[in-house]
1. If the Cβ limit is 7 Å and pairs must be 6+ apart or interchain, which residue in the range 216-229 that is among the acidic types (Asp, Glu) pairs with which residue that is assigned to a loop (DSSP other than H, G, I, E, B)?
2. Can you tell me which residue in the range 64-115 is farthest from GLU14 (Cα to Cα), limited to those that are of a type in the set (Asp, Glu) and in contact with a strand residue (DSSP E or B) (Cβ under 7 Å, 6 or more places away or on another chain)?
3. Could you check the range 40-90 and list, in sequence order, the residues that are of a type outside the set (Ser, Thr, Tyr), open to solvent by less than 60 Å² (accessible area, probe 1.4 Å), part of a loop (DSSP other than H, G, I, E, B) and within 23 Å of ARG119 (Cα to Cα)?
4. (1) closer than 23 Å to ALA67 by Cα; (2) open to solvent by 50 Å² or more (accessible area, probe 1.4 Å): which one isn't true of ARG192, the others all being true?
5. Considering the range 190-203 alone, what residues qualify as being more than 15 Å from VAL21 (Cα to Cα) and touching a strand residue (DSSP E or B) at 6+ places or on another chain (Cβ under 9 Å)?
6. Given the conditions (1) open to solvent by less than 30 Å² (accessible area, probe 1.4 Å); (2) outside any loop (DSSP other than H, G, I, E, B); (3) over 16 Å from GLU24 (Cβ atoms), and given that LEU209 satisfies all but one, which numbered condition is not satisfied?
7. Do you know which residues across the range 140-166 are hydrophobic (A, V, I, L, M, F, W, C), more than 17 Å from PRO15 (Cα to Cα) and in contact with a helix residue (DSSP H, G or I) (Cβ under 8 Å, 6 or more places away or on another chain)?
8. Mind checking which pairs have a first residue in the range 123-148 that is without any contact (Cβ under 8 Å) to a residue 60 or more places away in the chain and a second that is β-branched (Val, Ile, Thr) and outside any strand (DSSP E or B), Cβ under 6 Å, 6 or more apart or different chains?
Amino acid sequence: MCTVIVRVPDSATEPVRLLAVRDEDPARRWQPLGAWWPDAHPGVVGVRDVRAGGAWLAADPARGRLAVLLNRASPPVPEGTVAVSRGGLVLDAVAGREPRPTTAVLGFNLVEVDGPRVRVVTWDGVERRETVVPPGTHMIAHDDLDDPGTGRIRHWLPAFASGSTEDAADGWWRPWLGTVARSAELPPDDERAIIRDNRPLGYPTLSLLLCAASVTEGAVDVRYGELAEPGHWNAIALSPPVSG
């Protein structure tokens, strides 16, 4: 039940801004933002899943590409089929390869940024769909883009839309982090919460970390920060930009 906020500008010369919050089982080990695939994916940086070796979020700064994966409900893989990790889709996306999921892949929303262009590729275990993200501020979680049935989107999208993302000495992301901090005044299992504890809903996932990225044609500035305690907000100091 991750959350992504993305602002697509009216002009192709302005950056796409993206803030992604990761929800995952804290027992599932990960490696922070770094260049973990120097041979297979030179120049790519990302948050690496230790178990399967793929990425939750990855970027190729030299190509101006970024992708981030959100889980989505779907039927289980067919009996006798070996499930394929979704983390490979993120690495494929920043390499420019089209995602072609099969029934061996569980459901997902894949947010892809390629310079000024943003799209969401959705797979529900049966049908693959694409949504071109128009100019403006948008949110996505485990359902559709800007889905009003998702409590956190319905409640917080107007605040993100009104928050500035102009370049500033202390970081363009500060107003958005301020909105996340206000959202964390809600209980972490509230449907409107962005910093989440999903265990009461039957999932072992809690909010663990976030990334903020600015993407232009041929450049990505992506930064990383972890929560001190899963599912609980703290004043995160984002890392300097990480390059491959």
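1. GLU217/GLY64; GLU217/GLY115; GLU217/PRO116; ASP221/PRO241
2. The qualifying residue farthest from GLU14 (Cα to Cα) is GLU112.
3. HIS41, GLY43, VAL44, GLY54, GLY64, ARG72, ARG86
4. So the condition that ARG192 fails would be (1).
5. Of everything in the range 190-203, those that are more than 15 Å from VAL21 (Cα to Cα) and touching a strand residue (DSSP E or B) at 6+ places or on another chain (Cβ under 9 Å) turn out to be ARG199, TYR203.
6. Status for LEU209: all satisfied but (3).
7. ILE140, ALA141, TRP156, ALA159 - these are the residues of the range 140-166 that are hydrophobic (A, V, I, L, M, F, W, C), more than 17 Å from PRO15 (Cα to Cα) and in contact with a helix residue (DSSP H, G or I) (Cβ under 8 Å, 6 or more places away or on another chain).
8. Every condition considered, the pairs that remain are ASP147/ILE153.
The values are calculated or read from the model by the stated rules, or taken from the named source; none is laboratory data. Nothing here was measured: the structure is a model prediction, and the numbers come from that model. Ideal geometry is used to build each Cβ from the backbone, glycine not excepted, and the neighbour counts take in all protein chains shown. Areas reflect the complete protein model, heavy atoms only, side chains present, ligands, DNA and RNA absent. Shrake-Rupley method; radii C 1.70, N 1.55, O 1.52, S 1.80 Å.
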